[in-house]
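All remarks here apply to the structure that follows.
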């Protein structure tokens with residue numbers, strides 16, 4: 001007997017029940033906030049390169065990409081390249097012509113070398129420039145020509161102003177039914193002063209930018225089920241699906 005439908009129905013029911021389980025949600029939140037203090041997200045690699053993400057978010061990205069099957073993923077914030085490899089490896093499996101564009105204002109020489117020399121480099125295009133520069137957007141327009149499904153991941157400068165500008169510039173590229181994922185919205189849930197050497201903080205971060213963006217853009221909505229099932233995520237209210 002094929003019990004697939006029953007399995008997924010039970011899963012949905014279980015996920016929905018988490019809304020009423022405050023102890024479970026509080027445990028997840030406690031784990032998240034404590035591990036943020038310890039740079040827990042720096043502990044993992046993807047296919048040989050550091051991927052500075054929580055494992056739960058990595059799984060969520062995999063589910064989204066497998067379901068929506070984009071042929072272009074745009075990522076702002078390259079860091080050490082692990083997320084680019086995650087996207088490239090998934091596109092390698094699901095698409096014959098999928099491409100990842102990685103944008104960063106500073107792609108360090110040793111990081112670029114490791115990305116370029118990786119077996120999946122043929123899926124990756126690197127742009128070393130500010131994600132909000134006009135020339136960068138023009139380059140993205142050229143590189144996105146002919147692409148049918150586009151996804152965006154925003155993970156660069158985490159100030160309110162920068163992320164809001166990224167949302168305004170990159171959201172038009174996102175295809176209907178695909179996602180714009182905004183990372184580090186969790187900063188809003190952290191204690192003030194958690195980033196003494198950075199320009200972002202509580203009240204000035206990706207979450208506040210998302211909230212302002214959604215007030216004036218009804219093409220997108222937060223996919224609350226993703227956050228609900230993960231329990232632990234660095235992108236609360238940051239999984240935005242394009243509805244129209």
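Please give the helices (runs of 4 or more DSSP H) falling wholly within region 79-149 in which 2 or more residues are out of contact with any helix residue (DSSP H, G or I) (no Cβ under 9 Å at 6 or more places or on another chain). Step through it out loud before you land on a result.
Numbers: elements: 82-94, 109-116, 134-143.
Correct list: 109-116, 134-143.
Need pairs with beta-carbon distance below 6 Å; first residue closer than 15 Å to residue 165 by Cα and within region 129-140, second modelled with pLDDT of 95 or more and in a loop (DSSP other than H, G, I, E, B); sequence gap 6+ or separate chains.
Matching pairs, first to second residue: 130/105; 131/156; 136/129.
Regarding region 206-228, can at least one residue be identified that is touching a helix residue (DSSP H, G or I) at 6+ places or on another chain (Cβ under 8 Å), surrounded by fewer than 19 Cβ atoms within 10 Å (Cβ to Cβ), in contact (Cβ under 8 Å) with a residue 60 or more places away in the chain and more than 20 Å from residue 37 (Cβ to Cβ)?
yes
For the condition within 17 Å of residue 234 (Cα to Cα), touching a residue at least 60 places away in the same chain (Cβ under 8 Å) and either touching a strand residue (DSSP E or B) at 6+ places or on another chain (Cβ under 6 Å) or in a helix (DSSP H, G or I) (or both), what is the one hit in 34, 75? Step through it out loud before you land on a result.
Details: 34 fails: touching a residue at least 60 places away in the same chain (Cβ under 8 Å).
Unique residue meeting the criteria: 75.
Test each condition in (1) surrounded by 13 or more Cβ atoms within 10 Å (Cβ to Cβ); (2) within 27 Å of residue 175 (Cα to Cα); (3) more than 20 Å from the chain's Cα centre (by Cα) for residue 100 and report the one that comes out false.
Result: residue 100 passes all but (3).
In region 131-153, is there at least one residue being buried (at least 19 other Cβ atoms within 10 Å of the Cβ) and farther than 30 Å from residue 204 by Cα?
no
Would you be able to tell me the number of residues in region 207-242 that are in a helix (DSSP H, G or I) and either more than 22 Å from residue 19 (Cα to Cα) or within 15 Å of the chain's Cα centre (by Cα) (or both)? Spell out the reasoning first.
Quick first cut of region 207-242, residues in a helix (DSSP H, G or I) only: 207-216, 224-230.
With either more than 22 Å from residue 19 (Cα to Cα) or within 15 Å of the chain's Cα centre (by Cα) (or both) added as a condition, the list becomes 207-210, 212-216, 224, 226-227, 230.
Matching residues across region 207-242 total 13.
Of all residues in region 3-23, how many are within 15 Å of residue 224 (Cα to Cα) and either outside any helix (DSSP H, G or I) or free of Cβ contacts under 8 Å to residues at least 40 places away in the same chain (or both)? Working first, answer last.
Our first condition is that a residue be within 15 Å of residue 224 (Cα to Cα); within region 3-23, this holds for 12-20.
Next cut, either outside any helix (DSSP H, G or I) or free of Cβ contacts under 8 Å to residues at least 40 places away in the same chain (or both) only: 12-14, 17, 20.
Residues in region 3-23 being within 15 Å of residue 224 (Cα to Cα) and either outside any helix (DSSP H, G or I) or free of Cβ contacts under 8 Å to residues at least 40 places away in the same chain (or both): 5 in total.
On the given criteria, is residue 65 surrounded by fewer than 23 Cβ atoms within 10 Å (Cβ to Cβ), touching a helix residue (DSSP H, G or I) at 6+ places or on another chain (Cβ under 8 Å) and part of a helix (DSSP H, G or I)?
Numbers: surrounded by fewer than 23 Cβ atoms within 10 Å (Cβ to Cβ): no; touching a helix residue (DSSP H, G or I) at 6+ places or on another chain (Cβ under 8 Å): yes; part of a helix (DSSP H, G or I): yes.
Criteria not met by residue 65.
Could you say which residue among 124, 58 is in contact with a strand residue (DSSP E or B) (Cβ under 7 Å, 6 or more places away or on another chain), under 20 Å from residue 154 (Cβ atoms) and without any contact (Cβ under 8 Å) to a residue 60 or more places away in the chain? Spell out how you get there, then give the answer.
Values: 58 fails: in contact with a strand residue (DSSP E or B) (Cβ under 7 Å, 6 or more places away or on another chain).
Only one candidate passes the filter, namely 124.
The values are calculated or read from the model by the stated rules, or taken from the named source; none is laboratory data. Keep in mind it's a predicted model, so treat the numbers as computed, not measured. Positions of Cβ are generated from backbone atoms using ideal geometry, with glycine treated the same way; all protein chains shown enter the neighbour counts.
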